[in-house]
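Here is the structure we will look at.
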Amino acid sequence: MITMMQAILTAALGLLLTASPETGTKGKLLPVKFSDVTILDGFWAGRQEVNRRASIPHNLDTCESTNRIRNFAQAAGIDKTPFKGHIFHDSDVYKVLEGAAYSLSTHPDKELEARVDKVIDLIARAQQPDGYVNTWFTVKQPDQRWKDLRVKHELYCAGHMFEAAVAHYHATGKRTFLNVACKFADHIDRTFGPDKRHDVPGHEEIELALVKLWRATGEERYLKLSRFFVYEHGQAETHKLFGEYCQDHKPVRDQDEPVGHAVRWLYLYSAVADLAALDGDQAHIDAMERLWRNIVGKKMYLTGGVGVQHHGEGFAREYFLPNYDAYCETCASIGMAFWNHRLALLHGEGRFADLVERVLYNGALSGVSLDGAKFFYVNPLASRGGHHRQPWYGCACCPTNVVRFVAALGDYVYACLAGGDGVCVLQYVPSATTLPLAAGKVKLTQKTRYPWDGRIQITVEPEGAGEFAIRVRIPGWCENASITVNGEAVDAKPRDGFATIRRAWKVGDRIELDLPMPVRRIEPDPNVKENLGRMAMMRGPVVYCLEDRDNPCPVDQVAIAPDAKLQPGFESDLLGGVVVLRGKGARTELAEAEDGSLAVKTGPIDVTAIPYYAWDNREPGRMVVWVPTKPVKPDRLDGATIAVTARPTASHCFERDTVAALNDNVLPKSSIDHAIPRFTWWDRKGTDEWVAYTFDKPRAFTKAEVYWFDDTGKGSCRVPASWRLLWRDGKEWRPVEATSPYGLAKDQSNVLTFKPVTTDELRIQVKLRPGVSGGILEWRLPK
């Protein structure tokens, strides 16, 4: 039974949905499709080539090996093997197909196209007669369709299908996938709507996807359905609210703080921006402005990432931005790019394109390794050496999202002025595009070494002789920008973040921008307590970090004075070719004093900073973005032993763990403590392994304490079957003469005493138990 309030809301929404957006946009800019932009060379051409040759095949192969693709064959009734996977795994396949479609548009590949077509055929065969497609519910719970939208991700998976189908249609001209998507969208439209079922997705995505589907097909019902889902949020009179986590606690127009799951929030508000550009809903525009200012001013990391660990992949309280516990999910950074690009189109302001740029070169790009085969889910701004990219995840939303984001770069580079009287250059990428204007078509070609060099050349080739404007973005980080046209200076003063050049353009006219890129020291917001007394480094759009690999000591011991000179320099053979920053810093460490005690020692060192996006592409080590400006007393002084001065090594270390955990003086609460850095020999099982300490000079030792890692009940690491302590005597390793047993107890330090030895190297040799691995949380050497 429909209540009076439901009737009023339904009538109001119905009036809104009848307004056709085809009469014109309310936004200042019109989008340019990826298929209309050719990335020519330089930084992003290289990244797209890695994406095409490595990331897309890797993701497709893994979707096959993990049964994600086979599940569609099972849903089609042509494969009888057991179903494997989760409720959201269909979406991973769709995102990889979307990325493959973008790649096919720019780099035709018959083998990849055939592979994509084969998967699309499986999806089509899995579609039910009423249009429904979802492998989990078709195979495992056919009687539970649409029963739990808060948790079960049905509409989320559908949205990713729609996006992939539209991309495939634009890239290939084929309607095979688009027809499947439309049939599914028709089914959803018959199920949900103002005069049908009132509900919202627990994980937003379908809202922005329906706008894309509308643009591709012209079918107004899809646009109306998108509006319905957006306006249904927070309507307690029409459905049971899902709460803040799903952004279903208030109507969109009344929300004033970003809350809940960050990716869901950003996908929802990407759709809100899409719709606002079409219908001009001022309440939604006002809401997005206050929410944008809240995120950027109070909840966003320097890299453009959002979200804090232990907050359900979501936003935390204002100004709570811990570095080691930053979540900054790769998908959330990509969502930031989605939303801010749409806001740039809506408002025509450079501040939003600046945020897209920030994410492109930092928060999102860090999500994939340089070889394209490993991925971050979480992107912290500091690491003790145990955080590493992985080839895949059980929840693989981030690897598959990176694949489509990098391939679709062309979506973000250009826009047309809504009045048809000009073009807008949003991002600086070597590229070419031909755009339709009222005065005729115009071809733009960019040449640049951005982001390493701020000089950009844009060649203009108009089809006719009419006058039009070219707007070029002056990034908010840039001071003293200059512009010339055919060698003559023009006004470079930005208005709303853009310099506008309006004239009657001729074929061969050339715009040259110079965006100076000095090294900038970024001071923290005084409200972010963790960063007080620290600074970060940027050059151009790129955020920098310190990584152990490039520096003479652990980087958490480094300080850089505010007036220290940092010199940029391009190194072609480092990390694929990057600009590094070199300068002077200071190291504060625990060192052995003359009397044998440990004392704090500070001294000058040379420091090197690399782009944040490129960290963790070599051997494991610590990383920091926010660096102290004054020497800081070392953490964890209490109970430290001479072990903290040693260089730890091992026969093997699992890539997600670190040998630095052996002597970091972080004491565990138990043998299964997962809250601290750890060392393990995983995934070696039943083997003979070792760890060693090397000192700068020989020392006398009589005692060792070992705290074993054992995750019984959670993993496959156990205390070893046996162990012994060796010391180097010249070129030979000798066992110590133990005066106490070799302890194998869990949840405590196992103390070994032995007759004195003098050496510069000690080694623990272990025999792992059959079928399991092992590890150490702390190895101390007390007097």
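The values are calculated or read from the model by the stated rules, or taken from the named source; none is laboratory data. Keep in mind that this is a model prediction, so the values were computed, not measured. Here the Cβ positions follow ideal geometry from the backbone for every residue, glycine too, while neighbour counts run over all protein chains shown. Please note that ligands, DNA and RNA were not included when accessible areas were found on the heavy atoms of the full protein model with its side chains. Shrake-Rupley method; radii C 1.70, N 1.55, O 1.52, S 1.80 Å.
Remarks
- Residues in region 449-468 that are out of contact with any Lys or Arg (no Cβ under 7 Å at 6 or more places or on another chain), more than 20 Å from ALA353 (Cβ to Cβ) and open to solvent by 40 Å² or more (accessible area, probe 1.4 Å): ALA465 alone.
- Of all residues in region 580-602, at least one satisfies being surrounded by fewer than 20 Cβ atoms within 10 Å (Cβ to Cβ), of a type in the set (S, T, N, Q) and touching a residue at least 24 places away in the same chain (Cβ under 8 Å).
- Boolean, PRO741 is outside any strand (DSSP E or B) and under 27 Å from ALA591 (Cα atoms): no
- Note on region 32-134: enclosed helices (runs of 4 or more DSSP H) holding 2 or more residues that are in contact with a Lys or Arg (Cβ under 9 Å, 6 or more places away or on another chain) and open to solvent by less than 10 Å² (accessible area, probe 1.4 Å) are 56-65, 70-75, 89-106.
- Filtered residue count, region 213-246, keeping only those that are hydroxyl-bearing (Ser, Thr, Tyr) and in contact with a Gly (Cβ under 8 Å, 6 or more places away or on another chain): 1
- ILE605 touching a residue at least 40 places away in the same chain (Cβ under 8 Å), surrounded by fewer than 18 Cβ atoms within 10 Å (Cβ to Cβ) and not in a loop (DSSP other than H, G, I, E, B): yes
- ARG471 buried (at least 21 other Cβ atoms within 10 Å of the Cβ), in a strand (DSSP E or B) and touching a strand residue (DSSP E or B) at 6+ places or on another chain (Cβ under 7 Å): yes
- When ILE610 is tested against (1) within 25 Å of the chain's Cα centre (by Cα); (2) in a strand (DSSP E or B); (3) surrounded by fewer than 21 Cβ atoms within 10 Å (Cβ to Cβ), exactly one condition is not met: (3).
- Test: residue in region 331-346 that is part of a loop (DSSP other than H, G, I, E, B), polar (S, T, N, Q) and either open to solvent by 10 Å² or more (accessible area, probe 1.4 Å) or within 30 Å of ARG618 (Cα to Cα) (or both): no
- Residue that is most open to solvent (accessible area, probe 1.4 Å), among those in region 407-444 that are without any contact (Cβ under 8 Å) to a residue 40 or more places away in the chain and in a strand (DSSP E or B): LYS441
- Complete set of residues in region 635-683 that are open to solvent by 30 Å² or more (accessible area, probe 1.4 Å), under 22 Å from GLY596 (Cα atoms) and either in a loop (DSSP other than H, G, I, E, B) or of a type in the set (Ser, Thr, Tyr) (or both): ASP635, ARG636, LEU637, ASP638, GLY639, THR645
- Within region 135-152, the set of residues being outside any helix (DSSP H, G or I) and either farther than 18 Å from LYS240 by Cβ or open to solvent by 60 Å² or more (accessible area, probe 1.4 Å) (or both) comprises LYS140, GLN141, ARG145, LYS147, ARG150.
- Selection of region 501-528 for residues being without any contact (Cβ under 8 Å) to a residue 60 or more places away in the chain and open to solvent by 50 Å² or more (accessible area, probe 1.4 Å) yields ARG503, ALA504, LYS506, VAL507, ARG510, GLU512, PRO518, ARG521, GLU523, PRO526.
- Within region 488-500, considering residues that are without any contact (Cβ under 8 Å) to a residue 40 or more places away in the chain and assigned to a loop (DSSP other than H, G, I, E, B), the one least open to solvent (accessible area, probe 1.4 Å): ALA492
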